[in-house]
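Taking it in order: structure first as structure tokens, then the write-up.
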Amino acid sequence: MKTAIVTGATSGLGEAAAEALGKAGWEVVLVGRDEARGAAAAQRVNDAGGKGVFVRADLFSVAGVKQLGAELSARYPRIELLVNNAGGAFGGRELTSDGVERTFALNVLTPYTLTDALMGSLAAAKGRVVNVATAIPNGQKTTVDAVAADASGFMGYSKAKLALVALTLEQQKRLGPKGVTVVSMHPGVIPGTRFGVGVIPAPIRSFSNFMMKLTGFGVTLDEAAARYVAAGTGAVEPGGYYKGGKLTPPPVLAGEPAFREGLWDKLTSLHAAH
Ligand SMILES: NC(=O)c1ccc[n+]([C@@H]2O[C@H](COP(=O)([O-])OP(=O)(O)OC[C@H]3O[C@@H](n4cnc5c(N)ncnc54)[C@H](OP(=O)(O)O)[C@@H]3O)[C@@H](O)[C@H]2O)c1
């Protein structure tokens with residue numbers, strides 16, 4: 001049985017992707033904080049024909065992510081797929097217990113740290129990493145220091161995801177020679193998920209969900225899950241950014257070597273400090 005680690009699999013897209021991988025016969029480690037939702041999601045993987053294992057971890061803490069990585073590496077000497085899916089937008093600037101701004105911590109620093117911690121098992125399987133991003137305006141501007149200092153709010157979230165796409169390109173450059181393939185993806189917009197709670201006012205969320213259903217702009221959870229499976233198991237371009245299932249040029253800033261290298265240095269120093 002092949003092994004996938006899916007973070008943020010107790011809810012929404014991660015849960016749907018875990019179930020779809022279960023249907024394809026995978027053992028899926030579902031990472032999240034909520035024990036009850038985690039157990040239910042793992043059961044859905046079992047019911048789909050795979051093997052679901054829930055592991056509780058707080059991905060806001062660098063030490064917690066390192067410990068999770070050490071435990072999973074010991075348990076699984078080979079890991080075919082890591083889906084860095086846990087992420088989201090937060091309303092106001094707030095620091096984690098490590099003193100890192102929380103949107104940047106969850107959406108960028110955690111994927112860096114967990115991938116690093118699982119490298120041995122990923123390399124042993126010539127595995128793949130899928131970093132879950134979003135749709136990012138092509139002309140989006142920021143600096144590494146600015147996005148690390150404050151990625152709160154909806155615009156900040158988009159910049160954090162831009163940094164995640166830049167990280168993907170840098171990871172591919174550095175980890176590719178070890179046999180690991182790294183891609184990023186935007187799964188599409190899925191009406192009715194918990195995404196945006198606390199950032200987008202409730203009436204606007206309800207209205208936009210309604211409009212997406214009416215216009216057919218949004219995609220279903222099943223369609224999004226199929227995109228996760230394609231990015232995780234299908235033929236891909238190493239380092240590629242997949243938007244709505246299609247290989248798409250990454251946002252310009254994400255491809256700039258100075259931005260990517262500056263980001264790598266920032267993440268390396270935050271990683272070393274905790
Ligand atoms: N929904 C959309 O339309 C959409 C569109 C584009 C991109 N995305 C991206 O897709 C991904 C999934 O989104 P979603 O809408 O499915 O999100 P969601 O329903 O809010 O689920 C978020 C998941 O992340 C986990 N999580 C959050 N903070 C955590 C922490 N500190 N430690 C451990 N786990 C944590 C949650 O686990 P617990 O609840 O158990 O803590 C949950 O399983 C995100 O990266 C999001 O940015 C979503």
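Data overview
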| quantity | calculated |
| --- | --- |
| Residues that are surrounded by fewer than 24 Cβ atoms within 10 Å (Cβ to Cβ) and either of a type in the set (S, T, N, Q) or part of a loop (DSSP other than H, G, I, E, B) (or both), drawn from the range 100-135 | Val100, Thr115, Leu118, Ser121, Ala125, Lys126, Thr134, Ala135 |
| Test result for Leu30, buried (at least 18 other Cβ atoms within 10 Å of the Cβ), touching a residue at least 60 places away in the same chain (Cβ under 8 Å) and within 20 Å of the chain's Cα centre (by Cα) | no |
| Matching option when the condition is under 25 Å from Thr103 (Cα atoms), assigned to a loop (DSSP other than H, G, I, E, B), β-branched (Val, Ile, Thr) and at pLDDT 85 or above, among Val219, Val199, Val165 | Val219 |
| Output for the range 137-151, where each listed residue is at pLDDT below 95 and within 19 Å of the chain's Cα centre (by Cα) | Pro137 |
| Leu82 being in contact (Cβ under 8 Å) with a residue 60 or more places away in the chain, in a strand (DSSP E or B) and within 15 Å of the ligand (Cβ to nearest atom) | yes |
| So Ile5, is it touching a residue at least 40 places away in the same chain (Cβ under 8 Å), buried (at least 24 other Cβ atoms within 10 Å of the Cβ), of a type outside the set (Gly, Ala, Ser) and farther than 27 Å from Val219 by Cα | no |
| Test set (1) within 10 Å of the ligand (Cβ to nearest atom); (2) under 29 Å from Val219 (Cβ atoms); (3) part of a helix (DSSP H, G or I); (4) hydrophobic (A, V, I, L, M, F, W, C) - Leu68 fails condition number | (2) |
| Of the criteria (1) out of contact with any Gly (no Cβ under 8 Å at 6 or more places or on another chain); (2) more than 26 Å from Glu94 (Cβ to Cβ); (3) within 10 Å of the ligand (Cβ to nearest atom); (4) of a type in the set (Phe, Trp, Tyr), which one Phe60 fails | (2) |
| Test: residue in the range 70-78 that is within 22 Å of Phe195 (Cβ to Cβ) and either surrounded by 15 or more Cβ atoms within 10 Å (Cβ to Cβ) or at pLDDT below 95 (or both) | no |
| Hey, Ser97 within 18 Å of the chain's Cα centre (by Cα), farther than 21 Å from Pro187 by Cα and of a type in the set (S, T, N, Q) or not | no |
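The values are calculated or read from the model by the stated rules, or taken from the named source; none is laboratory data. All values reported here derive from a predicted model rather than from experimental measurement. All Cβ positions, even for glycine, are placed from backbone atoms using ideal geometry, and neighbour counts span all protein chains on display.
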